[in-house]
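Notes to accompany the following structure.
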Amino acid sequence: MSSAASSTPVLAVIGGGQLARMTAQAAVSLGVPIRLLAEGPDVSAAQVVRDTVVGDYRDLSVLREAVEGCAVVTFDHEHVPTEHLETLTAEGHACRPGPAALVHAQDKIVMRARLTRLDVPCPRHRVVTTPGEAEAFAASVGGFPVVLKTSRGGYDGKGVWVVGSAAECEDAFAVASSTGVRILAEEKVDFRRELSALVARSPSGQVAAYPVVESVQRDGVCWEVTAPAPDLDPELGVAAQRIAMKVAAALDVVGILAVELFETADGRVLVNELAMRPHNTGHWSMDGAETGQFENHLRAVLDLPLGSPAARAPWTVMVNILGGDHGALSEDLYGGFPHVLARDPRLKVHLYGKDVKPGRKVGHVTAYGDDLDDVRERALHAAAWFRGDLGMESE
Ligand code: ADP
């Protein structure tokens, strides 16, 4: 039984990963109770949310149980089936973002078609059904290599292939035929770097746009984020923010929208993909912005006034802690604290309560300050120490 006043809504969060855990962290501050639907009793967010239902988000009866008594429903991931969200909406639950918006984060083919109609710049693309069609597409964009992607179900670089010939397309089409997903072919963009434009949008239409950041991926996984993106042409930064605001409004996104972008060698921005939830490229804002993305996601889905997305310091660098492969040294994250915290009293550490497996996202660190090189070194050092990469060396 919640002791909160009666007008306080209960917010249902579907999915029990670290995004739900950090959403819960923001909800604690605002005094908003959360009901969690988690995949298991011990997953990241279930460790910190008392009111947890354990079950499968693909099962409508489980979803109904989880959202009962909750005015608003939001998400840790984008995988809840659209038809279930439509049912919940018809039954009076406000799903934020709603199913009509969310499909653009679930299906890359739907997303590309919609953005193209909105005149939002995207890589050239085409839906392909055979290696021969992929070859014809490649010929139309200047030849191989091109990028093939599954329309649905990809994440962290899974479901993305860079192919250099028709023969190399076989893997993608094998996945397509075994899973029933379609394949999207895209030109391989010659990008200088990857950027991300994050906005929070409320049902009333208020929007808060975060500074555009640079993200660095390794093996398809986000490694490092710098806010703001260094040396970004101010006009290009504004263009990226405008794209995010336009997409959020046109798709009626509620909550955080992350627009992942390529900055091309010739000075344009092209949309790579959309996420409609707090995003890894926004983790810097928890410590580096006046209002973090998790708090603004909560404010937005509850239709409360949004908080300032302005940066607190000239530079913020977030580095993910990915599980290392140094055995016990990598597994004992807590054992990293004495060194990391003593070396850098201004550093912020976020651990997700997950078992350490090589390459798995188990936490992140954030440093901010006036000097980019210094801030970056501090964040990279701490993440490397937690991974166990530096633990054997003396300082
Ligand atoms: P995921 O759903 O796994 O995040 P993405 O579509 O973001 O998949 O692709 C993963 C990575 O592959 C991107 O971060 C980028 O580095 C690369 N990539 C994707 N699409 C293209 C493209 N059209 N041109 C060049 N590189 C691409």
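Here are a few things to note about the model shown:
- Against the numbered list (1) surrounded by fewer than 18 Cβ atoms within 10 Å (Cβ to Cβ); (2) assigned to a strand (DSSP E or B), Lys149 comes up short only at (1).
- When residues of segment 188-207 are limited to those that are under 24 Å from Ala367 (Cβ atoms) and crowded, with 24+ Cβ neighbours inside 10 Å, the one farthest from the ligand (Cβ to nearest atom): Ala200
- Candidate set from segment 49-76 (those that are without any contact (Cβ under 8 Å) to a residue 24 or more places away in the chain and in a strand (DSSP E or B)); member that is surrounded by the most Cβ atoms within 10 Å (Cβ to Cβ): Val53
- In segment 153-187, of all residues being among the small types (Gly, Ala, Ser) and within 12 Å of the ligand (Cβ to nearest atom), the one that is least open to solvent (accessible area, probe 1.4 Å) corresponds to Ala185.
- Scanning segment 77-97 for residues that are in a loop (DSSP other than H, G, I, E, B), open to solvent by 20 Å² or more (accessible area, probe 1.4 Å) and more than 15 Å from Arg152 (Cα to Cα) yields Glu91, Gly92, His93, Arg96.
- Filter result (open to solvent by 30 Å² or more (accessible area, probe 1.4 Å), under 21 Å from the mean Cα position of the chain (by Cα) and under 18 Å from Val147 (Cα atoms)) within segment 109-129: Val110, Pro121
- Per-region count, segment 238-263, residues closer than 18 Å to Val317 by Cα and away from the ligand (no atom under 16 Å from the Cβ): 0
- Tally of residues being in contact with a helix residue (DSSP H, G or I) (Cβ under 7 Å, 6 or more places away or on another chain) and within 18 Å of Arg218 (Cβ to Cβ) across segment 160-172: 1
- Residue count for segment 131-152, restricted to those that are out of contact with any Lys or Arg (no Cβ under 6 Å at 6 or more places or on another chain) and near the ligand (Cβ under 9 Å from one of its atoms): 1
- The criterion of at least 1 residues that are in contact (Cβ under 8 Å) with a residue 60 or more places away in the chain and open to solvent by 40 Å² or more (accessible area, probe 1.4 Å) is met by the following helices (runs of 4 or more DSSP H) wholly inside segment 296-395: 328-331, 372-387.
- Of all residues in segment 22-41, those that are without any contact (Cβ under 8 Å) to a residue 60 or more places away in the chain and more than 14 Å from Leu302 (Cα to Cα) have Cβ atoms under 6 Å from Cβ atoms of residues that are open to solvent by 30 Å² or more (accessible area, probe 1.4 Å) and polar (S, T, N, Q), 6 or more apart or on another chain, in Leu36/Thr52; Ala38/Thr52.
- Scanning segment 240-257 for residues that are on the phi < 0 side of the Ramachandran plot and of a type outside the set (Gly, Ala, Ser) yields Gln241, Arg242, Ile243, Met245, Lys246, Val247, Leu251, Val253, Val254, Ile256, Leu257.
- Residues that are among the small types (Gly, Ala, Ser) and touching a Phe, Trp or Tyr at 6+ places or on another chain (Cβ under 9 Å), drawn from segment 119-149: Ala134, Ala138
- Evaluation of Gly142 against (1) of a type outside the set (A, V, I, L, M); (2) at pLDDT 95 or above; (3) within 16 Å of Glu273 (Cβ to Cβ); (4) assigned to a loop (DSSP other than H, G, I, E, B) (one fails), failing number: (3)
- Flag if Pro211 is surrounded by fewer than 18 Cβ atoms within 10 Å (Cβ to Cβ) and touching a residue at least 60 places away in the same chain (Cβ under 8 Å): no
- Here Glu290, Glu260 are screened, and the one residue that is open to solvent by 20 Å² or more (accessible area, probe 1.4 Å), out of contact with any strand residue (DSSP E or B) (no Cβ under 6 Å at 6 or more places or on another chain) and not aromatic (Phe, Trp, Tyr) is Glu290.
The values are calculated or read from the model by the stated rules, or taken from the named source; none is laboratory data. Everything numeric in this text was worked out from a predicted model, so none of it was measured. Ideal geometry is used to build each Cβ from the backbone, glycine not excepted, and the neighbour counts take in all protein chains shown. With ligands, DNA and RNA removed, areas are computed over all heavy atoms of the protein, side chains included. Shrake-Rupley method; radii C 1.70, N 1.55, O 1.52, S 1.80 Å.
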